[in-house]
Amino acid sequence: MPAYEYECRDCKKVFTVFLSLKEYDANPKIKCPHCNSDSTARQISGFFAKTSKKS
Ligand SMILES: [Zn+2]
């Protein structure tokens, strides 16, 4: 199952969500597990980059 990284716009934390392609296609509202906000944005960079640095 693909993993997607989201960043919460409220608490600025990044978290990983596992969604099937079908679920992802439905464009679900992802809630932040830290503060329960649904003001989240997907992080596109990093997922496909094998040489991404972790800081
Ligand atoms: Zn949050």
Q) Across the range 25-45, which residue is farthest from residue 5 (Cα to Cα) among those that are in a loop (DSSP other than H, G, I, E, B), within 16 Å of the ligand (Cβ to nearest atom) and among the hydrophobic types (A, V, I, L, M, F, W, C)? A) 35
Q: Would you mind telling me which numbered condition in (1) modelled with pLDDT under 95; (2) exposed (fewer than 13 other Cβ atoms within 10 Å of the Cβ); (3) more than 10 Å from the chain's Cα centre (by Cα) residue 3 fails?
A: (3)
Q) When you scan the range 1-19, how many residues do you find that are assigned to a loop (DSSP other than H, G, I, E, B), within 13 Å of the ligand (Cβ to nearest atom) and on the phi < 0 side of the Ramachandran plot? A) 4
**Q.** Check on residue 22, loosely packed, with under 13 Cβ neighbours inside 10 Å, away from the ligand (no atom under 11 Å from the Cβ) and of a type in the set (Lys, Arg)
**A.** yes
**Q.** Those residues of the range 2-28 which are within 17 Å of residue 39 (Cα to Cα) and polar (S, T, N, Q), in sequence order
**A.** 16, 27
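The values are calculated or read from the model by the stated rules, or taken from the named source; none is laboratory data. What you see is a predicted model; the values in this text were computed from it and never measured. Don't worry about glycine lacking a Cβ; one is built from the backbone with ideal geometry, like all the others, and counts go over all protein chains shown.
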